[in-house]
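Structure first, then comments.
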Amino acid sequence: MGKMKFGEKAKNPKATFLRLMKDVFEGRYLLIVLIVFCIILSAFSTTYSASFIGSFIDDVVIPLKGVENPDFTKALIYLGKFAVVVLISIAASFAVSYIMVGVAQKSIYDMRIKMFDKLESLPLSYFDKNARGSIMSRFANDTDTLNQLVANGLVQLLTAGMTLVMVLFSMAVNSWILLLVVIAFIFITLFVTGTIGKKSGAFFKAQQKALGDVNGYIEEMMNGQRVVKVFTHEEKCKEDFEVLNKKLEKTMAEANTWAGSMGPVNNNLGHLQYVVLVLVGAVAIIARPDIYTIGALAAFLQLSKSFSNNISQLSQQANNVLLALAGAERIYKLLDEEPEKDNGDVTIVRVKGEGDNIEECSERTGHWAWKVPEGDKSTLVPLKGGVVIDHVDFSYDGERTVLSDISLYAKPGQKIAFVGSTGAGKTTITNLLNRFYNIQKGIITIDGVDIKRIKLNDLRRSMAMVLQDTNLFTGTVKENIRYGRPQATDEDVIKAAKLANAHDFIMMMKDGYDTVLTNNGENLSQGQRQLLSIARAAIADPPIMVLDEATSSIDTYTETLVQSGMDKLMENRTVFVIAHRLSTVRNSNAIMVLENGRIIERGDHEDLLKAKGVYYSLYTGKTELS
Amino acid sequence: MIKDLFSRVRQYKAKTVATPIFMVLEVLMEVLIPAIMAQIIDVGVATMDMKYILLMSALLILSALLSLLFGVMGAKFGSEAGAGFSTNLRHDLYCKVQEFSFSDIDKFSPSSLITRLTTDVQRVQQLFTMSIRMFVRSPMMLIFASIMAFRAGGILSLVFVIVLPILALGIGVMVKVTYSYFNAAFKGYDRFNQVVGENLSGIRTVKAYVREEKEKKKFADSAENIRYNFTKAQKMMAAMSPMMMFVSYGCMIAISYFGAKLVNVGRMDTGSLMSIFTYSGQILSSLMMSGMIVVMYTMSKPSMERIAEVLASESSMDENENGEKVVPDGSISFENVNFGYKEGSGVLKDINLEIKSGEMVGVIGTTGSGKTTLVSLIARLYDTSSGSVKVGGKDVREYNLKSLRDSVSVVLQKNTLFSGSVRENLQWGNEKASDDEIEKALDIASALSFIKEKEGVLDYHVEQGGANFSGGQRQRLCIARALLKSPKILIMDDSTSAVDTKTDRKIREALRRDVNSMTRIIISQRISSIEDADKIVIMNAGRIEDVGTHEELIERNAGYKNLFETQTKGRE
């Protein structure tokens, strides 16, 4: 699965490894004992079976050679013993891999859940800073390599390591002269494979780059394919593509040639080792037939084969482990991110009663209040949606000031509009209200309560946002509208859709409200998506509403139709509107004209026209907004 | 399907054939080597004939070197053939997509085309390389090793005859069962990626509506689905290697016992006995490998199918290569035109419309009323269901498609700029356009002023999708690009929606002044953008509701008058 990342190794493999082991095995200590025991068993039997053939030939086959009326009991005893060892080993290795599959999958699952929980808790600044693609690959690729590590890598590493030690021991007992030959070959093998590995690694990097270029080009051009058609640019595109494609072919062929040579090279180095061992062994047998036997040589040859198998297994796994640890490191980086700060103790509660005489209740009344704890007691402040922004400064990065000295208020039910160029800070203000970002200086209150004291979720429940870019989720139209209030009934959904003037086009879709939307509603026009977004806000029914270019993609013809719905939507609510189209903002209670993060003009439509300032020249078309 | 895909190796056919040949040669060496080894022990060591040992060792080294050579050659040719094959495949796919009509693109959707050209091609390439290297190698290994084992062990190799079919059956069953689980898990991955992706792009919505908990539940469901299926599949796979071990050790024991008997009666030597152990290892591992190839094949099958689907689809539009190459003038007429994107869905109904060459026509109407569809038919982005669209007096289908589109320039609503310099982007309109011509076009589109402020001016780098320009600037660049084609007909589909009214007016005036021989069709939501048009077409639910000048429509069309009043309220 997951794409291989070449050359990316963990920075702090030891600490990452320990942390990973803790995550995977914590509370599973008995399991560890069992697994290690099983691994020892299977390593032992591998070694045993490697030397079995030698002793079988020496002790059974050769003595029986040419004997008349031979007695095969000894052979049967030997084989019986061998069978028992082998069965134990098979059982052990089956147990290990069976257990580890479950452990690996469960811990990957746990890890993914932890990652997603963390993701949902992170502040927006995290999403601004980190590319979508790289976060995606944390979830898919990195967890996959982790799975490989836990399910196979660890066990194989341990098995290979343990077998290596045992085989080495057996070889040393068998013949130290031959062992020297084997050791010499280890160094040769490491050197040769190291050289090839380096070479192929470099080519693989080049290949990844070329592949990235080709895939990037494909992505860009496929998305712009309609433009290609309109400009009859097909031939030119083919030429451009051909250049990238050819380059990829070249690097890919080279990289794979080197990687593919590794196997034959290793294999034949093994054969070479065999020849040297046989020669040395033969000389030894000829020279001292009393000490060296054919059986011993045969056993040694078998052992040496198992030895080189395990060496290459070990080096391959070690590389995989390092790659997986690099992935684990990236995962832990995500898990260690600081979540959104939420120290609020003020919550929203249902209330009944009138005026000052309100009390908390559990039934639906349609009335809400802020519950403000003060010491042991708490007071109830009716939720009305009065917003005050008082001398607020804000910067995204702590260096460049985006908003300075912003002060304004909105009484419950008032409509406040922001006008200004891109980058003037309009959207930023609305993002401070629901604490997508935290202000550095000043204070923002809702109904007199500092928003820093309000629990994040309750604060956000008190307002709905309709953003310029509508995000729809895979699911039915109904589910998408209901996103604003999960417990809404089907009637509520239809009512909201009608209010947003979305009902008609929804009914024209294949399954009406049950039509499944995919890929951010790819079959809908931008305008239709905005209508759904408005319906979503309508169903949420909060006291405060933020409309950030909410109707920018709806044609004016349709907008006139939506207008009455929008008016109804804004009724009795505090509304903050951002719009390019000045006709949308002219009936606001107050219009704030922003420039470079400051409010440079304020007042209602008439006031601002009379002032003959920036708003006036915008409105009369003398200047343009960029 | 496979035949069609694999026929695309073309110039790499020689390498594709050479690879398995080298692999077979390598296999020959691989099975020869244990035989030589056996000779060394049986004859050389047993008789202590040092000369024989040296001779055989030399032979062994030679074989090893040959095996190395064949192996490396196999890897080289295999890699080159694989890379070449995937390059061809990608090339064919890309060229095929270039032939696609708009409705073909709609059918497949860009995102799915991207998957097919990237991930799917990579997966099929892996299968291809693996196949040409292993598909022949493994069975060959199986056969040769069996023959050699038979040669060395005679009736001893009967052991394999009994064991192999049983093992093959076991592997087959296991592959089949695990495949369904793997398949389910991979499908689960799509959903998993979808949930994460949607949460990343929609994080503001999630947070604004405090939906974190629901999203977590969604995510947990998808992660659990993967866990469940993978655990099932891999537990099954976990049984695979013990099973192999069981069989191979079983063989070993049987061979040892019967081998000892054979040696006893002098029908076999110890060296041969040892070589049989090696052969048994080769036989079993090649069987395992064959199983793996089957697994890989089944796993890449969906990818192959998706690729084949693109390659097999014929463009739904006949480009009429031999058609008329010259569009005489910019007159347009719609005669009883009906159109639907899917059969039976009427998007345009009974359209009749005459536009004279050089006229400026405005089109207005609600979302979904068919404005875009109407103008799409002129550049033959789609073909009518019935009726005829004529340009320059001839049905659009009578023209060579490229010539028609070169004469009809469309500024699409969803427009795209590509990464590259400003000049490169504009030269899409006319490859040979000089800087002067480009600047002229930019000037008409009111884009020259802001481009002049950019570093390097025409060399200024445009990022993918034109991300480093504002929406209005992008639109103006797209208009300039379309103008450079010097078309007979210019169609602007809501191309100034993000441009402020003043600039919008400037663009219209420049169009009137500098390119007044062009037929211009302007779709707009703003009446101000089209009020001075020669005629205005009002679309409503796929039909033309009214056609007339601004004054006429104000007079007789209540809806139009109403809209005009709402829109101009701000301008009194």
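The values are calculated or read from the model by the stated rules, or taken from the named source; none is laboratory data. Computed from a prediction, not measured in an experiment: that's the story for all the values here. No Cβ is skipped: glycine too gets one built from the backbone with ideal geometry, and neighbour counts run over all protein chains shown.
Observations on the model:
- Residue within the stretch A:503-510 that is of a type in the set (Phe, Trp, Tyr), touching a residue at least 40 places away in the same chain (Cβ under 8 Å) and in the same structural domain as residue A:426 (by TED's automatic domain parsing) present: no
- Residues that are at the interface with chain A (Cβ under 8 Å from one of its Cβ atoms) and surrounded by fewer than 21 Cβ atoms within 10 Å (Cβ to Cβ), drawn from the stretch B:250-263: B:253, B:257, B:261
- Residue in the stretch B:530-549 that is closer than 22 Å to residue A:619 by Cβ, touching a strand residue (DSSP E or B) at 6+ places or on another chain (Cβ under 7 Å) and hydrophobic (A, V, I, L, M, F, W, C) present: yes
- Total residues in the stretch B:207-223 satisfying the condition of being within 7 Å of another protein chain (Cβ to nearest Cβ) and assigned to a helix (DSSP H, G or I): the figure is 9.
- Set side by side, the residues B:98, B:122 differ, and just one is closer than 19 Å to residue B:10 by Cα and either touching a residue at least 12 places away in the same chain (Cβ under 8 Å) or part of a helix (DSSP H, G or I) (or both), which is B:122.
- Condition met for residue B:70 (closer than 30 Å to residue B:277 by Cβ and aromatic (Phe, Trp, Tyr)): yes
- Single residue of the stretch A:128-147 satisfying the filter (of a type in the set (Val, Ile, Thr) and more than 7 Å from chain B (Cβ to nearest Cβ)) that is nearest to the chain's Cα centre (by Cα): A:143
- Looking across B:5, B:32, B:54, B:68, one residue alone is more than 10 Å from chain A (Cβ to nearest Cβ), farther than 30 Å from residue A:239 by Cα and out of contact with any His (no Cβ under 7 Å at 6 or more places or on another chain). It is B:32.
- Candidate set from the stretch B:71-99 (those that are at the interface with chain A (Cβ under 7 Å from one of its Cβ atoms) and more than 21 Å from residue A:262 (Cβ to Cβ)); member that is farthest from the chain's Cα centre (by Cα): B:84
- Residue satisfying condition, being hydroxyl-bearing (Ser, Thr, Tyr) and modelled with pLDDT of 90 or more, within set A:422, A:445: A:445
- Within the stretch B:411-444, tally of residues that are more than 24 Å from residue B:372 (Cβ to Cβ), among the small types (Gly, Ala, Ser) and either touching a Lys or Arg at 6+ places or on another chain (Cβ under 6 Å) or facing chain A (nearest Cβ under 10 Å) (or both): 2
- From A:111, A:21, A:115, residue being among the hydrophobic types (A, V, I, L, M, F, W, C) and without any contact (Cβ under 8 Å) to a residue 60 or more places away in the chain: A:21
- Tally, over the stretch B:459-498, of residues that are in contact (Cβ under 8 Å) with a residue 40 or more places away in the chain and either farther than 22 Å from residue B:430 by Cα or assigned to a loop (DSSP other than H, G, I, E, B) (or both): 9
- Count of residues meeting criterion [facing another protein chain (nearest Cβ under 8 Å) and aliphatic (A, V, I, L, M)] in the stretch A:228-251: 3
- Lone qualifier among A:496, A:488 - being in contact (Cβ under 8 Å) with a residue 24 or more places away in the chain, part of a helix (DSSP H, G or I) and more than 8 Å from chain B (Cβ to nearest Cβ): A:496
- When A:125, A:51, A:93 are checked against the criterion of being within 10 Å of chain B (Cβ to nearest Cβ), polar (S, T, N, Q) and in a helix (DSSP H, G or I), A:93 stands alone in meeting it.
- There is at least one residue in the stretch A:518-539 that is on the phi > 0 side of the Ramachandran plot and at the interface with chain B (Cβ under 10 Å from one of its Cβ atoms).
- Within the stretch A:128-144, the residues that satisfy the criterion of being free of Cβ contacts under 8 Å to residues at least 24 places away in the same chain and either assigned to a loop (DSSP other than H, G, I, E, B) or among the basic types (Lys, Arg) (or both) are A:129, A:130, A:131, A:132.
Yes or no, residue by residue, for (1) of a type in the set (A, V, I, L, M); (2) in the same structural domain as residue A:525 (by TED's automatic domain parsing); (3) within 34 Å of the chain's Cα centre (by Cα):
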| site | (1), (2), (3) |
| --- | --- |
| A:391 | no, yes, no |
| A:399 | no, yes, yes |
| A:413 | no, yes, no |
| A:430 | no, yes, yes |
| A:433 | yes, yes, yes |
| A:450 | no, yes, no |
| A:461 | no, yes, yes |
| A:465 | yes, yes, yes |
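- Odd one out for residue A:543 among (1) modelled with pLDDT of 85 or more; (2) under 16 Å from residue A:559 (Cα atoms); (3) of a type outside the set (Lys, Arg): (2)
- In the stretch B:531-551, the residues that are within 14 Å of another protein chain (Cβ to nearest Cβ), surrounded by fewer than 23 Cβ atoms within 10 Å (Cβ to Cβ) and either modelled with pLDDT of 90 or more or not in a strand (DSSP E or B) (or both): B:531, B:541, B:542, B:545, B:546
- Among residues of the stretch A:406-460 being closer than 23 Å to residue A:549 by Cβ and of a type in the set (Lys, Arg), the one that is farthest from the other protein chains (Cβ to nearest Cβ) is A:415.
- Leading residue by the ranking (farthest from residue A:189 (Cα to Cα)) among those in the stretch A:273-293 that are at the interface with another protein chain (Cβ under 8 Å from one of its Cβ atoms) and buried (at least 17 other Cβ atoms within 10 Å of the Cβ): A:285
- Condition met for residue B:113 (at pLDDT below 90, assigned to a helix (DSSP H, G or I), within 13 Å of the chain's Cα centre (by Cα) and at the interface with another protein chain (Cβ under 10 Å from one of its Cβ atoms)): yes
- Per-region count, the stretch A:206-227, residues under 27 Å from residue B:492 (Cβ atoms) and within 7 Å of chain B (Cβ to nearest Cβ): 7
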